[in-house]
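Shown next, in structure tokens, is the structure this report addresses.
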Amino acid sequence: MINTRQVIDDFGRHVYGVTPRLKLAVTSKVLDYQAAFGAGSRSRHELTITGERGEHRLELLLCLPNIDQSPVFLGLNFDGNDAVLQQWPIELLMRRGYGVASVHASAIEPDRNGGAADGVRRILGIGPDDEGAPATWGTIGVWAWGLSLIRRQLTDYAHVQRDKIIAVGHSRMGKAALWAAAQDEGFAAVISNEAGCSGDSLHRHRAGEDIAAITTNFPYWFTSGYADYAGRDDELPVDQDQLLAAIAPRPVHVGSASEDDWADPLGQFLCVQSARKLNEGLGPVGFHLRPGDHGLLTEDWLHYLAFADTHLSGP
Ligand code: GTR
């Protein structure tokens, strides 16, 4: 039986950094609202987060179908909210009765070394030795924290089914979605699309990206001690199957692509299999493997819709 609290503590300590406890005021203002795809509405909201050292603003994109209340897929995006309208099959999701909420990850904290100085962390009043300082709290952890903050905000919108908010993310955003859902029981389910190393594939299956590569290319994503495990992946006190298992009884789905060697599809599959054993059947852990390379495709979304229809009984 998995000790969820222990797993979360260990991932905080060794991988993503410990999430500081912060109580912040968040306000929301509608920037614009329009009909979308003949299937519902699309609105943009400005969220203002007030911390000890000032305010930080984010733009939230919210697409909702024309039904009284809908489940919502909430995910961070790579290229901004306008791009997500082109990149995700939002019309299809809305026609199936689901809403979509998204925020540009870099609007929470820029995806680069030193990004902490220009993101939400700069207003939080966290000193260099405090929990939450850049060396101890990585950017993936900040994104995950941001996802929770946005989830709570979404529960204020009348047309959002508050107990059916699904965290979703591709690749680095998949890592953030898993970490967010593990820590925040308010997420009803989580979808991890090709999150790979430090997300949804096993460290102990030594293939694809490893801790040395990821902490060389993206040191700021993690707590600084994670890099100590470079070349010693097997010695990391946790593995990603435990993170997946810690989300149970809530459902998890992992999406994988046959040519995505960097994310290690076999390592993802083995991670899912092992998580199912660890959670002792408490929560479903789904998996699909599609042909092709790294990416979040409509084909993947069709699996995610089927998953949500089955495990959250749909809209
Ligand atoms: C890669 C990184 C992966 C994955 C990917 C992505 O460069 O090494 O861990 O996160 O980026 O986000 O697409």
Could you please tell me which pairs satisfy a Cβ distance under 7 Å, a separation of 6+ or placement on different chains, a first residue in segment 157-175 that is away from the ligand (no atom under 16 Å from the Cβ), and a second residue that is among the aromatic types (Phe, Trp, Tyr) and assigned to a strand (DSSP E or B)?
-> Ile166/Phe73
Collect the residues in segment 213-230 that are open to solvent by 40 Å² or more (accessible area, probe 1.4 Å) and closer than 22 Å to Ala116 by Cα, keeping them in residue-number order.
-> Thr216, Asn217, Phe218, Pro219, Ser224, Ala227, Asp228
Go through segment 87-114 and give me each residue that's under 30 Å from Leu297 (Cα atoms) and assigned to a loop (DSSP other than H, G, I, E, B).
-> Trp88, Pro89, Arg96, Gly97, Tyr98, Glu109, Pro110, Asp111, Arg112, Asn113
What number goes with the only condition from (1) away from the ligand (no atom under 16 Å from the Cβ); (2) in contact with a Gly (Cβ under 8 Å, 6 or more places away or on another chain); (3) of a type in the set (A, V, I, L, M, F, W, C) that Leu312 does not pass?
-> (2)
Selection status of Val285, open to solvent by less than 60 Å² (accessible area, probe 1.4 Å), of a type outside the set (Asp, Glu), out of contact with any strand residue (DSSP E or B) (no Cβ under 9 Å at 6 or more places or on another chain) and within 21 Å of Trp179 (Cα to Cα) | no
Of all the residues that make up segment 154-170, how many are touching a strand residue (DSSP E or B) at 6+ places or on another chain (Cβ under 8 Å), under 17 Å from Ala189 (Cα atoms) and open to solvent by 10 Å² or more (accessible area, probe 1.4 Å)?
-> 4
Can you tell me which residues in segment 21-35 are surrounded by 10 or more Cβ atoms within 10 Å (Cβ to Cβ) and at pLDDT below 95?
-> Leu22, Leu24
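Condition test on Asp210, is it within 13 Å of the ligand (Cβ to nearest atom), surrounded by 23 or more Cβ atoms within 10 Å (Cβ to Cβ) and not hydrophobic (A, V, I, L, M, F, W, C)? Give the steps one after another, and end with the answer.
Values: within 13 Å of the ligand (Cβ to nearest atom): yes; surrounded by 23 or more Cβ atoms within 10 Å (Cβ to Cβ): no; not hydrophobic (A, V, I, L, M, F, W, C): yes.
Here the answer is no, as Asp210 does not meet what is asked.
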What is the residue count in segment 249-264 for residues that are in contact (Cβ under 8 Å) with a residue 40 or more places away in the chain and open to solvent by 20 Å² or more (accessible area, probe 1.4 Å)?
-> 3
Picking from Asp309, Asp239, Asp233, the residue that is of a type in the set (D, E, K, R) and open to solvent by 20 Å² or more (accessible area, probe 1.4 Å) would be Asp309
Within segment 115-138, of all residues that are out of contact with any strand residue (DSSP E or B) (no Cβ under 9 Å at 6 or more places or on another chain) and part of a helix (DSSP H, G or I), the one most open to solvent (accessible area, probe 1.4 Å) is Asp118
List, please: which pairs have Cβ atoms under 9 Å, are six or more places apart or on different chains, and start with a residue in segment 208-219 that is touching a residue at least 24 places away in the same chain (Cβ under 8 Å) and under 19 Å from Asp293 (Cβ atoms) and end with one that is within 7 Å of the ligand (Cβ to nearest atom) and open to solvent by 50 Å² or more (accessible area, probe 1.4 Å)?
-> Gly208/Trp262; Glu209/Asn217; Glu209/Trp262
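The values are calculated or read from the model by the stated rules, or taken from the named source; none is laboratory data. Everything numeric here is computed off the predicted structure, so don't read it as measured data. Here Cβ is always computed from backbone atoms with ideal geometry, including for glycine, and neighbour counts include all displayed protein chains. Surface accessibility is based on the protein's heavy atoms, side chains included, excluding ligands, DNA and RNA. Shrake-Rupley method; radii C 1.70, N 1.55, O 1.52, S 1.80 Å.
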